[in-house]
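Novice: Handing you a structure now.
The values are calculated or read from the model by the stated rules, or taken from the named source; none is laboratory data. Only a predicted model underlies this, so the values are computations on that prediction, with no experimental measurement involved. Using ideal geometry, Cβ is built from the backbone for each residue, glycine included, and neighbour counts are taken over all protein chains shown.
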Amino acid sequence: MDTTAFLRWLQGMMTEKNASHKKRIIRFQNSQDFRRFVHEWSEMKASVSSLQSVRQMGIIQAISCPIPDDQPHRRFDGRVWVENDKRIRIHTATQRASAPDKGIPWGVSHIKAPQAWSTTTGHKIKIGVVDTGVDFSHPDLRQSLARGINLLNRSLLPHDDNGHGTHIAGTIAAANQLQGMIGVAPRSSIHPIKAFDHNGSAYVSDIILAIEWCVRNRMNIINMSFGMKTRSKALLSAVTNATNAGIIIVASSGNDGKRRAIDYPARYPQTISVGATNRLRRIAPFSNRGIYIDIYAPGDKITSAWLKGKYHEMSGTSMATSHVSGAVALLLAKQPDLSPNEVKAILRRSMQPLKGKRSPRVTGEIDIAKMLQASDR
């Protein structure tokens, strides 16, 4: 492939006037083409302002950039694939301010996390929370936060300007025994990756860059409390590469109350897909359900950390996902060499049956005591 010609074409496309530019993901089929392109682009971008908005995603040999034409492979001999860089949103059904759930929140207690703390607290397990960032000053999270990244502005810390990411982090790893709340795995480390803006919206390319950061920084778990309706080959490729690197990806199924469909990336078989239950161990009305769900967890009326040191009650499959990420952290702290497939198999054979006549018989709710027993077999 003539990467110099491709770079010139790209520059022309990006500066084309009177055209509606859309963000696209362009993937190179050949790794040598990609490396050559990155080398030439690196040398040119300082002097060509339009090329500075190109972002490279080495994990899938791709770039993202705004161009009007989504068919460059017509000119470049099928050497590149193109897809729209779609929007993706955090999964929240409802939220309201609430008093702190002092001590152990109901969901943490319900899945029997406290019974495991004498043997495992998630120590040394690194969890990449791809979300809206985190409130670094929250007293319940200060002991639990480690280095992260702000993909929207790399010169800033991944500060949360929405609240969702702080809520997720609290359920996973809050550790303030005396005054505040305790999460599922209080000695695990949260690495906040800000990929979502204050409205809870991101591009697929932001998620891919987040996954790439998690692989490079050797996360054990990635929490993905977000989703979209359409599949993305680029996102699937990133998820596959992360799973092949041994990272367990936990993803929320969505809040549409659907019986036969769940959102992506939870629908990809490489992830652990999570549905939400309530205090009665019934599937929450808002939760997607059906054969694509791997496990259910508490997601209805969950109180956790919020901005400015406060607390919020939220409902959604996002909240269920953070319970499962914490549970997997407890498991990995005991048995760090488990593969993603082995973790999923342990979860499946240790679930509590759900309540309700129409509840599935195959998939149940997470039970940490049973999960740890099953892992010893």
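Novice: Go through the residues of the range 39-51 one by one and say whether even a single one is farther than 19 Å from D206 by Cβ, of a type outside the set (A, V, I, L, M, F, W, C), crowded, with 18+ Cβ neighbours inside 10 Å and touching a residue at least 12 places away in the same chain (Cβ under 8 Å). Spell out the reasoning first.
Specialist: Kept after step one, since they are farther than 19 Å from D206 by Cβ, are these residues of the range 39-51: 39-51.
Still in the running and of a type outside the set (A, V, I, L, M, F, W, C): 39-40, 42-43, 45, 47, 49-50.
Filter once more, keeping what is crowded, with 18+ Cβ neighbours inside 10 Å: none.
No - not one qualifying residue is present in the range 39-51.
Novice: Residues in the range 269-281: is at least one within 22 Å of D131 (Cα to Cα) and touching a Cys at 6+ places or on another chain (Cβ under 8 Å)?
Specialist: No, the range 269-281 contains no residue that is within 22 Å of D131 (Cα to Cα) and touching a Cys at 6+ places or on another chain (Cβ under 8 Å).
Novice: Select from the range 249-258 the residues that are outside any strand (DSSP E or B) and on the phi < 0 side of the Ramachandran plot and write down the one among them that is surrounded by the most Cβ atoms within 10 Å (Cβ to Cβ).
Specialist: S253
Novice: Only one of I291, I295 is assigned by TED's automatic domain parsing to the domain that holds S118 and at pLDDT 95 or above; which? Full working, then the answer.
Specialist: Numbers: I291 fails: at pLDDT 95 or above.
So the residue among I291, I295 that is assigned by TED's automatic domain parsing to the domain that holds S118 and at pLDDT 95 or above is I295.
Novice: Filter the range 181-212 down to the residues that are among the hydroxyl-bearing types (S, T, Y) and either crowded, with 24+ Cβ neighbours inside 10 Å or not assigned by TED's automatic domain parsing to the domain that holds N223 (or both) and list them by number.
Specialist: The answer is S188, S205.
Novice: So in the range 280-313, with the set limited to residues that are farther than 14 Å from G364 by Cα and charged (D, E, K, R), which one is surrounded by the fewest Cβ atoms within 10 Å (Cβ to Cβ)?
Specialist: K308
Novice: From the residues in the range 16-28 that are free of Cβ contacts under 8 Å to residues at least 60 places away in the same chain, closer than 26 Å to A195 by Cα and surrounded by 12 or more Cβ atoms within 10 Å (Cβ to Cβ), which one is nearest to the chain's Cα centre (by Cα)?
Specialist: Among those that are free of Cβ contacts under 8 Å to residues at least 60 places away in the same chain, closer than 26 Å to A195 by Cα and surrounded by 12 or more Cβ atoms within 10 Å (Cβ to Cβ), it is I26.
Novice: Within the group Q270, Q352, which residue is farther than 29 Å from V204 by Cα and in contact (Cβ under 8 Å) with a residue 12 or more places away in the chain? Lay out the reasoning, then the answer.
Specialist: Numbers: Q270 fails: farther than 29 Å from V204 by Cα.
Only one candidate qualifies: Q352.
Novice: Just give me the residues in the range 259-279 being at pLDDT 95 or above, over 13 Å from T230 (Cα atoms) and in a loop (DSSP other than H, G, I, E, B), in sequence order.
Specialist: Pass one, the range 259-279, residues at pLDDT 95 or above: 262-279.
Subset that is over 13 Å from T230 (Cα atoms): 269-279.
Correct list: P269, Q270, T271, N278, R279.
Novice: Got at least one residue in the range 241-248 being buried (at least 24 other Cβ atoms within 10 Å of the Cβ), in the same structural domain as S98 (by TED's automatic domain parsing) and hydroxyl-bearing (S, T, Y)?
Specialist: For the range 241-248, residues buried (at least 24 other Cβ atoms within 10 Å of the Cβ), in the same structural domain as S98 (by TED's automatic domain parsing) and hydroxyl-bearing (S, T, Y): absent.
Novice: Let me ask something else. Restricting the search to the range 361-377, which residues are in contact with a Pro (Cβ under 7 Å, 6 or more places away or on another chain) and part of a helix (DSSP H, G or I)?
Specialist: none
Novice: Separate question: Considering V324, V343, which residue is touching a strand residue (DSSP E or B) at 6+ places or on another chain (Cβ under 7 Å) and more than 22 Å from D300 (Cβ to Cβ)?
Specialist: Details: V324 fails: more than 22 Å from D300 (Cβ to Cβ).
Answer to the check: V343.
Novice: Exactly one condition in (1) assigned to a strand (DSSP E or B); (2) at pLDDT 90 or above is false for Q95; which is it?
Specialist: Result: Q95 fails condition (2) only.
Novice: I'd like to verify a number: residues in the range 12-49 that are more than 13 Å from P68 (Cβ to Cβ) and not in a strand (DSSP E or B), how many?
Specialist: 21
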